[in-house]
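The values are calculated or read from the model by the stated rules, or taken from the named source; none is laboratory data. Note that the structure is predicted; figures quoted are calculated from it, not measured. Positions of Cβ are backbone-derived with ideal geometry, glycine not excepted, and every protein chain shown enters the neighbour counts.
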Ligand SMILES: [Zn+2]
């Protein structure tokens, strides 16, 4: 029997500027889920990429004095390298300037236009350039953009509109019938109350004021709004083009999970399903809209200097520690926080003192007392049975949390097991048992056996978050003998 498929995507970051560490939470989160699903035997297809069109990029390129394509080439390269540094195990990397994508988006537009889901009208209202968002008077927050808080400007132009209003009832039903469509549920309620209940409005999906985008074939002075362009990546990456769709598309679509930031939930949970439904295609099964990672308590921003770059931090403390920090500290619904001090403290507590120390102590004892060979267990006492019971419970808990995409809680479950194993060493006092030759053969064997077994489980459970560390632990445990001179997994950092 063939494995069950799992198609997972990240949002595609904009090639407007270098992403900070918070922008990569999306990738790390999706990557941990992808790796977990692969371990569970799924046939995973993991798609990421870059969003490369629009007014913002056009103006940044102009400022930099280069052509837009040259500008996005540079940043697409930076982002792809960032993904590779962070060991994001993507199967596809799509750029929205790729030919096949541009052609497919034009065909999507034509199809929707020909069937009356897109019509030509006049747009008059407000526009936020950084967000590339049309806004109505009522949407403004104190005269400013409700999404980013910046100045908006007045805009009047002919434009093509997507007839979202036609699907009002359909989207209401979708939300009513699929209470887990958008996670966390609080965001689903937010969408329902703030947008759907008040009536979904047709949106303008073309621009004549922008040149850097995919032209409408029917009217080339219009370019297609970046959200239609960007959202389509999830299907064009698989080979969808409205006509002859690829085997990969038929195999992997619909997406099992779109991982996105909370700020773009509306585009993914309302506009995107309507677009797909209008195209006659199935809609994604689930959307996970995660919170932001703040710098301390404020938004990360280059202008204020409140910014950390993932690649730089990885140089300092290792890639796995960066991934672990993001996963272990970012809550499911509330924003997470990162500062250098917080990173160092968590690193020392969880990685150096708990996991690293456990592995190091255990391997040293296995070498010292049993020549590096994992001993068969001797007599079993309550404390040993308890350790294994905790381990088995942790595996179950971990799987349940990962299945529900509660990544922070999954990390905390594994950390508790590592702590329990360290406590087991204190409870059993192997160094004291070792002094008695008989006990060494009946009791110490059990203790070392149990510790090595639990470490092996920890390596499995840490694989989605820290793939390289998990491999290192497995290598140190060895096939027949543990390594003679274990390298510390995490050297302590001076805070
Ligand atoms: Zn804005």
Scanning region 111-139 residue by residue, those modelled with pLDDT of 90 or more and not in a strand (DSSP E or B) turn out to be 111, 112, 113, 114, 115, 116, 117
Pairs under 9 Å by beta carbon, first residue free of Cβ contacts under 8 Å to residues at least 40 places away in the same chain and farther than 20 Å from residue 120 by Cα in region 131-159, partner more than 8 Å from the ligand (Cβ to nearest atom) and part of a loop (DSSP other than H, G, I, E, B), six or more apart or different chains?
146/140; 149/142; 151/143; 152/140; 152/143
Just to be sure I understand the filter: pairs with C-beta atoms under 7 Å, separated by 6 or more residues or on different chains, first member in region 248-275 and without any contact (Cβ under 8 Å) to a residue 60 or more places away in the chain, second member surrounded by 20 or more Cβ atoms within 10 Å (Cβ to Cβ) and assigned to a helix (DSSP H, G or I). Which pairs pass?
249/235; 267/227; 267/231; 272/231
Tally time: how many residues in region 479-493 are farther than 19 Å from residue 355 by Cβ, in contact (Cβ under 8 Å) with a residue 12 or more places away in the chain and exposed (fewer than 14 other Cβ atoms within 10 Å of the Cβ)?
2
Within region 161-199, the residues that are farther than 17 Å from residue 289 by Cα and surrounded by 20 or more Cβ atoms within 10 Å (Cβ to Cβ) are 162, 164, 167, 171
Kindly evaluate residue 364 against the criterion of being surrounded by fewer than 16 Cβ atoms within 10 Å (Cβ to Cβ), over 30 Å from residue 288 (Cα atoms) and without any contact (Cβ under 8 Å) to a residue 24 or more places away in the chain.
no
Residue list for region 288-325, filter: on the phi > 0 side of the Ramachandran plot and without any contact (Cβ under 8 Å) to a residue 12 or more places away in the chain
305
Give the residue, chosen from 79, 108, that is more than 16 Å from the ligand (Cβ to nearest atom), in contact with a strand residue (DSSP E or B) (Cβ under 7 Å, 6 or more places away or on another chain) and touching a residue at least 60 places away in the same chain (Cβ under 8 Å).
79
Look at residue 79 and say whether it is buried (at least 20 other Cβ atoms within 10 Å of the Cβ) and within 25 Å of residue 216 (Cα to Cα).
no
Of all residues in region 161-183 being in a strand (DSSP E or B) and under 21 Å from residue 260 (Cα atoms), the one that is nearest to the ligand (Cβ to nearest atom):
182
Specify the residue that is nearest to residue 395 (Cα to Cα); the eligible residues are those in region 459-476 that are without any contact (Cβ under 8 Å) to a residue 60 or more places away in the chain and touching a helix residue (DSSP H, G or I) at 6+ places or on another chain (Cβ under 9 Å).
459
Being within 24 Å of residue 52 (Cα to Cα) and either within 16 Å of the ligand (Cβ to nearest atom) or surrounded by fewer than 20 Cβ atoms within 10 Å (Cβ to Cβ) (or both) narrows it down to one residue among 158, 142, 247; which is it?
158
Using the structure shown, decide if residue 428 is at pLDDT 95 or above and either crowded, with 20+ Cβ neighbours inside 10 Å or closer than 30 Å to residue 317 by Cα (or both).
yes
Within region 124-134, of all residues that are crowded, with 17+ Cβ neighbours inside 10 Å and more than 8 Å from the ligand (Cβ to nearest atom), the one farthest from the chain's Cα centre (by Cα) is 126
When (1) under 15 Å from the mean Cα position of the chain (by Cα); (2) within 27 Å of residue 224 (Cβ to Cβ) are applied to residue 28, the one that fails is (2)
